[in-house]
1. Out of the residues in region 102-113 meeting the condition of being part of a helix (DSSP H, G or I) and farther than 20 Å from residue 165 by Cα, tell me which one is most open to solvent (accessible area, probe 1.4 Å).
2. In contact with a strand residue (DSSP E or B) (Cβ under 9 Å, 6 or more places away or on another chain), more than 22 Å from residue 53 (Cα to Cα) and open to solvent by 10 Å² or more (accessible area, probe 1.4 Å), is that true of residue 350?
3. Taking the criterion of being β-branched (Val, Ile, Thr), free of Cβ contacts under 8 Å to residues at least 24 places away in the same chain and open to solvent by 50 Å² or more (accessible area, probe 1.4 Å), would at least one residue in region 445-458 satisfy it?
4. Hey, can you tell me all the residues within region 484-501 that are surrounded by 21 or more Cβ atoms within 10 Å (Cβ to Cβ) and free of Cβ contacts under 8 Å to residues at least 60 places away in the same chain?
5. What helices (runs of 4 or more DSSP H) lie completely within region 1-101 and have 2 or more residues being under 15 Å from the mean Cα position of the chain (by Cα)?
6. Please specify each residue of region 256-268 satisfying the condition of being in a loop (DSSP other than H, G, I, E, B) and at pLDDT below 95.
7. Would you mention how many residues in region 295-312 are β-branched (Val, Ile, Thr) and either buried (at least 18 other Cβ atoms within 10 Å of the Cβ) or in contact with an Asp or Glu (Cβ under 8 Å, 6 or more places away or on another chain) (or both)?
8. What pairs can you find where one residue is in region 380-402 and more than 30 Å from residue 11 (Cα to Cα) and open to solvent by less than 30 Å² (accessible area, probe 1.4 Å), the other is assigned to a loop (DSSP other than H, G, I, E, B) and not small (Gly, Ala, Ser), and their Cβ atoms are less than 6 Å apart, with a gap of 6+ or different chains?
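The values are calculated or read from the model by the stated rules, or taken from the named source; none is laboratory data. Worth saying up front: this structure is predicted, and the values here are computed from it rather than measured. Note: ideal-geometry Cβ built from the backbone for every residue, glycine included; neighbour counts use all protein chains shown. To get the accessible areas, we keep the full protein, side chains included, count just its heavy atoms, and leave off ligands, DNA and RNA. Shrake-Rupley method; radii C 1.70, N 1.55, O 1.52, S 1.80 Å.
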Amino acid sequence: MGEVHSRPFEVDGSTYAWELHDEGIDTVLDNMVSLAGINAVYLVALMHHEHRPFTSRQFPHNPARTDWLAEDSCIYFHPQLDLYGQIKPALSNYEWLRTTDYLKVLIEAVHARGLKAGAEISHTPIPSSVLKENPEFQQRDINNVLKGRLCPNNPDVREYLEALFGDVAKNYKVDFIQTCMWLFLNDSPKGGTCFCQSCQREAQAVGFDLAAAIPVLKANPQAQPQLDQWLAFRRKSVAKIYRLIAQRVHQEKPGLDFRINDTLPFGSSVKADTQVGLHLEDLNGAINSCVIQDHTEQNGNPDETFSHRKSWIADDRSLLAAGIPLISGVAVRPKATPALIRKGIQVAIECGAEGIACKHYDGATYSMLRAVRDGLSAAGVKGVASIIGIEAESMTLSGYVSDIYLDESCIKTTGAGTATAKFTQPSGLYDLIVSYAGEPAGQGSLTLSVGGAEKATWRLTEAVGCWKRKTIPQIIIKTGDEIKIIGLTGCSEGARLDFIEYISRNLPK
């Protein structure tokens, strides 16, 4: 297709504090960059309560744990506490997460590689325990029932949010800060929010008597002009909190990219539970970029047309001011397939997306990450080459059979297995990277030979249940040489293999 964009095409990848601890920052970045072509990495610096990985039972490449239940709205950086008022950030209950500044670790490592570094403040910036202890911070419905969400019109909440984002902007060398806060509920006064005292005071200040409108809307949720006044007030409230945050961020660091995550397309009925009152056009002049949180690939529909993504990108582009980059989410999660990922990237780029955001590294198999790079290359993104190598299932097999392990298609043996293939690339100097499974009961081994000569043998004794990558560097390979891997099992493991990647080290002539 040729070059698609005149500006650098952004490829985002997210990571979490616990996987930086478990896999190590260098391994995480090696995998993100070499497999997926990621050039912008962000830490979810404040994470909501959620099981990770989100759509599967187990991490595919985490050597320390099978899964993780994220704590309720804890931060994974070291805050400057004198910036905050009544509400302070919640630190992790785990010492190994609390004592290391994982945002600093990420930024330094990412910038050392010449990549962009970012931070995300996720859906719920205040823990539910703090909201329960301070009901005045919560939203209320028309019957004065607490709804368990922060109210952006509460002065203490507003002060906290400005301080939280300002803290990151002031004290960390991030290139972007993004968020997708969940604010008001429901577009109907019947079940919707918010009617709290803070909202009543804020509404009064802008000329809307919300207190007087409450009994009218109780009697008739469709009463006019009260309904339209209430909806307009909430819309102004959402725009105000985002604009205040953007102002604080840009005050602390002029030119910083403040990014909104649009979690659902405009007009979606499900938006009643997430971003009610958010109108992107109200944020022009405040935000610097926008991500659509589209996870279509994870539905696993092989006939997917991505019409949802096409309309979402078109709608958001029509609402955003010229010059605001629009980045499309691409799901690299179970049920997604490499073919769907490649197609989804193609659609996003054809529709004008100026970047993609991989959702999310922690649950992505190696084959899905490889599909990102391949999709970018096929779509003509400048500077991104497809991965050269061979799937283990495509090799000539003896003693090996097809298998699926941790959502990854692979081969396994129950005793001894051999996988061979002819090298079809130009002769030269190459690094070979073998993707293989470390297994809890591992006692076997893998041996790699090239052109009849053994190049590496390694034992499968790591006692971890995850996929790993081993690099065998600087091997001279001739076109037509046989690549052979012999797998031996010593217990109940399968000496599983996924892929052999060829990275040319030939010097330009």
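1. Going through region 102-113, the residues part of a helix (DSSP H, G or I) turn out to be 102-112.
Checking which are farther than 20 Å from residue 165 by Cα leaves us with 109-112.
Details: 109: 20, 110: 0, 111: 69, 112: 88 Å².
Looking at residues that are part of a helix (DSSP H, G or I) and farther than 20 Å from residue 165 by Cα, I get 112.
2. Numbers: in contact with a strand residue (DSSP E or B) (Cβ under 9 Å, 6 or more places away or on another chain): no; more than 22 Å from residue 53 (Cα to Cα): yes; open to solvent by 10 Å² or more (accessible area, probe 1.4 Å): yes.
No: the conditions fail for residue 350.
3. Keep residues of region 445-458 that are β-branched (Val, Ile, Thr), which gives 447, 450, 457.
Add one more test, that the residue is free of Cβ contacts under 8 Å to residues at least 24 places away in the same chain, and what stays is 457.
Of the ones still in play, those that are also open to solvent by 50 Å² or more (accessible area, probe 1.4 Å) are 457.
Yes; the residues of region 445-458 include at least one that is β-branched (Val, Ile, Thr), free of Cβ contacts under 8 Å to residues at least 24 places away in the same chain and open to solvent by 50 Å² or more (accessible area, probe 1.4 Å).
4. 493
5. On the way: elements: 17-23, 25-36, 95-98.
Helices (runs of 4 or more DSSP H) meeting the threshold: 17-23, 25-36.
6. Of all residues in region 256-268, those in a loop (DSSP other than H, G, I, E, B) come to 256, 263-268.
Across region 256-268, the qualifying residues are 263, 264, 265, 266, 267, 268.
7. Looking only at region 295-312, we keep the residues that are β-branched (Val, Ile, Thr), and these are 296, 305.
In the following step, the residues that additionally are either buried (at least 18 other Cβ atoms within 10 Å of the Cβ) or in contact with an Asp or Glu (Cβ under 8 Å, 6 or more places away or on another chain) (or both) were identified as 296.
Residues that pass the stated criteria total 1.
8. 400/413
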